[in-house]
Amino acid sequence: MGAVIFWGLSFVATKMALASIPPFTLIFAEFSISALFFLLLVLRKGFPRFSKKDHILLFLLSFFEPGLYFVFETLGLQYTSAPKASLIIATTPIAVLILSTIFLKEKSSLTGLASIVISFAGIFILITGESGFRLSWDGSIIGDLLIFGAVISAALYIVSARNLGRKYSALEITSMQIFYGALFYTPAFLWELPGIEWSQISGSSLGAVLYLTVFATIGAFFCYNFALTKVSATRASLFINMIPVVTAIGAWIILNETLTLVQACGGLLVLLSVFIANLPGLRAKIPEHFLSK
């Protein structure tokens, strides 16, 4: 629950940070500070011994996550609400099922197909159920599409990285992802640097960056991985479905963001689809690296 609360409120914290911090600067700050922490950790435990081939693979995979994933998510949150974004992100297991079928030639059961259909129906209602919705290429529709980009990026990483998850620990993989992430975002940060108005950065935005680094990245990682030593992956993964609920409550209290009744029904369909995707008969088709993340 600690990890769920930390991750759920991360969408709210990102919205708060973006109020006065440019997007790439925000991502760079989060990952560079986290990288320093993981550097101290690996210096104590010893650097992960990846083969040269695995280093290249991990570098390329990190382009999808955290690389593109956080770019899409952070930019998307500039245009769409935190509750809607978290519900769309919750469909990542569905995207994994689809990509596994396409690229890995894995067969999906009728239950899997049902979860996909329900998921898309829920997302359609979630997007079109907004008060005053109109189909135009501006506003929240752009934000929703960017969040979908984050979903696809995460799914591509998960499908491609399944072998790494069998050879190395979650700590080893995560530390290298954090290092490569900080490296990826450095050029974009340097590009934004001349235009940053440091005097305009608010205390609430700085607090949000601190939260994202200490709690949403470092704290949530340790909470969830410690939990996996005490409870099964099946039980732990079901808790993840509660992240959109935490986001919705946090956004309502802190940001005054809400979902319409129609959108809430669409969100329930999304959560139902993810629950169906996690049924025991289907879980074998979802890479273990995702389930233990």
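The values are calculated or read from the model by the stated rules, or taken from the named source; none is laboratory data. Nothing here was measured: the structure is a model prediction, and the numbers come from that model. Backbone-built Cβ (ideal geometry, glycine too); neighbour counts: all protein chains shown.
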(message) Just the residues that are surrounded by fewer than 15 Cβ atoms within 10 Å (Cβ to Cβ) and in contact with a helix residue (DSSP H, G or I) (Cβ under 6 Å, 6 or more places away or on another chain), please, taken from the range 254-264.
(response) T258
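Residue-wise test of (1) at pLDDT below 85; (2) small (G, A, S); (3) assigned to a helix (DSSP H, G or I).
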site	(1), (2), (3)
L269	no, no, yes
F275	yes, no, yes
G281	yes, yes, yes
I286	yes, no, no
(request) Out of K84, K107, report the one residue that is buried (at least 17 other Cβ atoms within 10 Å of the Cβ) and of a type in the set (K, R). (result) K84
(request) For F189, state whether it is in contact with a Ser or Thr (Cβ under 6 Å, 6 or more places away or on another chain), surrounded by 14 or more Cβ atoms within 10 Å (Cβ to Cβ), of a type outside the set (A, V, I, L, M) and part of a helix (DSSP H, G or I). (result) yes
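Determine whether the range 237-256 contains at least one residue that is over 29 Å from L26 (Cβ atoms), modelled with pLDDT under 85, assigned to a loop (DSSP other than H, G, I, E, B) and of a type in the set (S, T, N, Q).
no
Taking only the range 1-38 into account, find how many residues are in a loop (DSSP other than H, G, I, E, B) and in contact with a Phe, Trp or Tyr (Cβ under 7 Å, 6 or more places away or on another chain). Even if it seems obvious, please write down each step before you answer.
Step one: list which residues in the range 1-38 are in a loop (DSSP other than H, G, I, E, B), which gives 1, 18-22.
Within this subset, residues satisfying the condition of being in contact with a Phe, Trp or Tyr (Cβ under 7 Å, 6 or more places away or on another chain) are 1.
So the count comes out to 1.
Taking the condition at pLDDT below 85, surrounded by 15 or more Cβ atoms within 10 Å (Cβ to Cβ) and either of a type in the set (A, V, I, L, M) or closer than 17 Å to S140 by Cβ (or both), does A227 pass?
Details: at pLDDT below 85: yes; surrounded by 15 or more Cβ atoms within 10 Å (Cβ to Cβ): yes; either of a type in the set (A, V, I, L, M) or closer than 17 Å to S140 by Cβ (or both): yes.
So A227 fits the description; yes.
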(request) Quick one: which residue in L18, L60, L36, L75 is farther than 20 Å from G207 by Cα and surrounded by fewer than 23 Cβ atoms within 10 Å (Cβ to Cβ)? (result) L60
(request) Scan the helices (runs of 4 or more DSSP H) fully inside the range 39-116 and keep the ones with 3 or more residues being free of Cβ contacts under 8 Å to residues at least 60 places away in the same chain. (result) 52-62, 92-103
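Which is within 24 Å of the chain's Cα centre (by Cα), under 20 Å from V42 (Cα atoms) and in contact (Cβ under 8 Å) with a residue 40 or more places away in the chain, of A208, A182? Working first, answer last.
Numbers: A208 fails: under 20 Å from V42 (Cα atoms).
None of the other options fit; the residue is A182.
Would you point out which residue out of L57, L61, L43 is farther than 22 Å from V245 by Cβ, touching a Phe, Trp or Tyr at 6+ places or on another chain (Cβ under 7 Å) and modelled with pLDDT under 90?
None of the others qualify; the one that does is L61.
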(message) Give all pairs with beta carbons closer than 9 Å in which a residue from the range 248-260 that is over 23 Å from F124 (Cα atoms) meets a residue that is acidic (D, E) and assigned to a loop (DSSP other than H, G, I, E, B); count only pairs at least 6 apart in sequence or on separate chains.
(response) none
(request) Considering each residue of the range 117-148, count those that are modelled with pLDDT under 80, part of a helix (DSSP H, G or I) and acidic (D, E), and give that number. (result) 0
